[in-house]
Amino acid sequence: MHNINLENLRTAFADIETIIDSHQVAKLSQDYHTFSPVLVPKLAGKVGDIVVRPANEQEVFKVAAICAKLRIPVTVRGAGTGNYGQCVPMHGGVILDMTKMQEILWVKPGVARAESGVKLAALDKKAREIGWEMRMAPSTYRTATIGGFIAGGSGGIGSIQYGLLGDRGNLLGLRVVTLEDEPRVIELRGDDVQKVNHAWGINGIITVVEIPLAPAYPWAEVIVSFDDFMTAAKFGQSLGNADGIMKKLIAIFASPIPQYFTALHQYISEGTHPAFLMVAEPSLELLPGLVQQYGGEITYQKPAQEAGKGINLAEFTWNHTTLHARTVDTSITYLQSIFPADKALELVEELYHHFGDEVMMHLEFIRVNGRVIPAALQLVRYTTEERLNEIIHYHEAKGVFIANPHTYIIEDGGRKVIDPEQLKFKEMVDPYGLMNPGKSKVLEFKSHN
Ligand SMILES: Cc1cc2nc3c(=O)[nH]c(=O)nc-3n(C[C@H](O)[C@H](O)[C@H](O)COP(=O)(O)OP(=O)(O)OC[C@H]3O[C@@H](n4cnc5c(N)ncnc54)[C@H](O)[C@@H]3O)c2cc1C
C-alpha cells in the first residue's frame, strides 16, 4: 500500500512534531487490548512507522494532505486506552497522536466545545467552574481524551442517568478533517454526528467536539455490602429505578471480585457482595432507608468535599474492575454485555448460578430507552478461546447482548454491521481507505474487489 522513506516524510511534515524512535513508536502503537488473551497474539508486532503530533487543525490538514497524496495509512490516537486494538495500526504508517490539541474552546451552561485531545478530567474540571459537569465518562477519565471517547468509547460513570454515548443528544457537534487529495473540514451537527460517533477513527480525523453537559452535583461515594449477590443486584435495580434519587454510579460485584480491590479490603468483608455508588449529597439522606429494606450495610462513605482525594471509587468500576483483577491474576479476562430489561433480574440470577466462579458477575446499571437495566463486565477465568466463545454464545442464546471485546474487527464486536450511513460517509471522507485500515470486514472486502 505504501513505501515510506522516513526521512523524506519527516521533511515533508516540516515543523510538525514527529517521533521515529522505534521504542517510542512501538509504545504509541499500543492500547489496552492486552486485557484479551485472544487479541494479544493477533496484534503482536503491529506498529506504525512514525508518530505525528499535530498542535492544531492546520497541522492536521497538512498531515492529512501528505498522507492522502502518498497513500499512507493513518491511525488516529488519543490516549490509547481503548480495549480492542482500536488504535493499533494493522498496516503501519502514521500514528496521528492528537494529545497536543488540548484547547477547551468554550464552556457554557449545558454545553462545552473542545479540541479532541482534551483530557476528560480537564474538561469536567472546567465545566464544574460554572456549575456543570460531563454527563458521562469512562473510568479512564483521568487519561482518556474526548476525541478517543467519542470515537472509541460507549459510556460509563453517569450512564445510569444519561444513557450511552450513542444515544441521541449525548453528542452535539463534531469537526472532522477528511483524507482526500484536498482535505476539507466538515462540521456535523444533529443526527449527522452519528456518522462519526463510535467509528473507531475510520471516518475522518476529529479535531473538535461539542458535548452537552449535566448540572454538577456534589457526589458522595458509598460502599454498601450485602450477604447475598442477588439481593445486592436487586438493591442496585431498585436504586436505579428511584428517579428522585440522583446518582452517577451503581456498580455491583459478586464475591470474590472485591478480593482484587486491595486498597478497599478494610471496607468489604470476605464473602460479601458490595455495591459501589455515587449519590448526590442532597439525596444521601434517602439512602439508609433503601439499604435497610434490602438488608445491606453501609461500610464506607466519602463526602463530595473530598472528591479526588484518597480512594476514588469510580476507578474500581467499569473496566477498571478488570484492570484491578488482572493486576492480581493475569489469567483473568472479561465480557461486555447488556441484559434485557427485567426488574426481577431473572437472567442475571440464572447466569450467575450457571457459570459460578468461572464468570464472576460485575454489573453496571445504565439507563437505556428510559429504562434502567444492568450492563455487565463479567470477569472470566480464561482457559481457552473455544471455551470463551462457548461462554459468549451461551449468553447470546439466552438473550444477553454481548459487545465482544476479544476482536479488533468492528462488525464482530458490538456493532455486528457498520451503519450504512457511516459507510457512505467513509467513502466520501476517506476515498483511499487509509484510515485505521484492517478493522472492518466490509471495507477489507471492498478494497480487494
Ligand atoms: C481500565 C480501563 C477502563 C475503561 N473503562 C471504560 C468505560 O468505563 N467506558 C468506556 O466507554 N470505555 C472504557 N474504556 C475504554 C477507553 O478507555 C475509553 O473508551 C476512552 O474514552 C478512550 O479514549 P482514548 O483517548 O484513550 O482513545 P484511544 O484509545 O486513543 O482511541 C480509541 C479509538 O478512537 C479513535 N480516535 C481517537 N482519537 C480520535 C480522533 N481525534 N479522531 C478520530 N478518531 C479518533 C482511535 O483511532 C481508536 O479507534 C476503558 C479502558 C480501560 C483500559
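The values are calculated or read from the model by the stated rules, or taken from the named source; none is laboratory data. Since the model is a prediction, treat every value here as computed from it, not as a measurement. Here the Cβ positions follow ideal geometry from the backbone for every residue, glycine too, while neighbour counts run over all protein chains shown.
Laid out as a table, the results:
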quantity	calculated
Wholly within the range 357-449, strands (runs of 3 or more DSSP E) carrying at least 3 residues that are modelled with pLDDT of 95 or more and either in contact with a Lys or Arg (Cβ under 8 Å, 6 or more places away or on another chain) or among the hydrophobic types (A, V, I, L, M, F, W, C) (or both)	362-368, 371-376
2 or more residues near the ligand (Cβ under 9 Å from one of its atoms) and under 27 Å from ARG371 (Cα atoms): qualifying helices (runs of 4 or more DSSP H) within the range 79-175	146-152
Subset of the range 346-387 (residues that are closer than 27 Å to VAL328 by Cα, buried (at least 20 other Cβ atoms within 10 Å of the Cβ) and of a type in the set (A, V, I, L, M, F, W, C))	VAL348, LEU351, VAL359, MET360, MET361, LEU363, PHE365, ALA375, ALA376, LEU377, LEU379, VAL380
Single residue of the range 299-341 satisfying the filter (more than 28 Å from VAL368 (Cβ to Cβ) and of a type in the set (A, V, I, L, M)) that is surrounded by the fewest Cβ atoms within 10 Å (Cβ to Cβ)	VAL328
Residue count, the range 312-334 (criterion: at negative phi and within 11 Å of the ligand (Cβ to nearest atom))	14
Only listed residue being buried (at least 24 other Cβ atoms within 10 Å of the Cβ), modelled with pLDDT of 95 or more and among the hydrophobic types (A, V, I, L, M, F, W, C), chosen from ALA79, ALA137, ALA144	ALA137
Yes/no for ASP181 being touching a residue at least 60 places away in the same chain (Cβ under 8 Å) and of a type in the set (Asp, Glu)	yes
Filtered residues of the range 345-365 (kept if touching a residue at least 60 places away in the same chain (Cβ under 8 Å), farther than 20 Å from ASN83 by Cα and not charged (D, E, K, R))	LEU345, VAL348, TYR352, PHE365
Where SER36 falls short, out of the listed (1) without any contact (Cβ under 8 Å) to a residue 60 or more places away in the chain; (2) under 25 Å from TYR84 (Cα atoms)	(1)
Residue in the range 83-98 that is farther than 30 Å from LEU335 by Cβ, among the polar types (S, T, N, Q) and under 22 Å from the mean Cα position of the chain (by Cα) present	no
Complete set of residues in the range 363-391 that are more than 20 Å from the chain's Cα centre (by Cα) and of a type in the set (Val, Ile, Thr)	THR383, THR384, ILE391
The lone exception for TYR217 - which of (1) away from the ligand (no atom under 13 Å from the Cβ); (2) more than 30 Å from ILE252 (Cβ to Cβ); (3) part of a loop (DSSP other than H, G, I, E, B) it fails	(2)
Output for the range 255-298, where each listed residue is under 21 Å from PRO138 (Cα atoms) and surrounded by 14 or more Cβ atoms within 10 Å (Cβ to Cβ)	ILE257, PRO258, TYR260, PHE261, LEU264, PRO274, ALA275, PHE276, LEU277, MET278, VAL279, ALA280
Considering residues of the range 182-217 that are within 17 Å of the chain's Cα centre (by Cα) and at pLDDT 95 or above only, the residue surrounded by the fewest Cβ atoms within 10 Å (Cβ to Cβ)	ILE211
From the options GLY147, GLY152, GLY156, residue that is small (Gly, Ala, Ser), touching a residue at least 60 places away in the same chain (Cβ under 8 Å) and on the phi > 0 side of the Ramachandran plot	GLY156
Sole residue being touching a His at 6+ places or on another chain (Cβ under 7 Å) and surrounded by fewer than 19 Cβ atoms within 10 Å (Cβ to Cβ), chosen from LEU43, LEU70, LEU39	LEU70
Answer residue from the range 46-78, given it is outside any helix (DSSP H, G or I) and within 11 Å of the ligand (Cβ to nearest atom) and is nearest to SER116 (Cα to Cα) among those	GLY78
Unmet requirement for ALA112, which otherwise passes all of (1) farther than 25 Å from THR178 by Cβ; (2) in contact with a helix residue (DSSP H, G or I) (Cβ under 8 Å, 6 or more places away or on another chain); (3) not acidic (Asp, Glu)	(1)
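Residue-by-condition table, conditions (1) hydrophobic (A, V, I, L, M, F, W, C); (2) within 30 Å of HIS406 (Cβ to Cβ); (3) within 27 Å of the chain's Cα centre (by Cα):
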{"residue": "ILE257", "(1), (2), (3)": "yes, yes, yes"}
{"residue": "SER269", "(1), (2), (3)": "no, no, no"}
{"residue": "GLU285", "(1), (2), (3)": "no, no, no"}
{"residue": "LYS302", "(1), (2), (3)": "no, no, yes"}
{"residue": "ALA314", "(1), (2), (3)": "yes, yes, yes"}
{"residue": "LEU335", "(1), (2), (3)": "yes, yes, yes"}
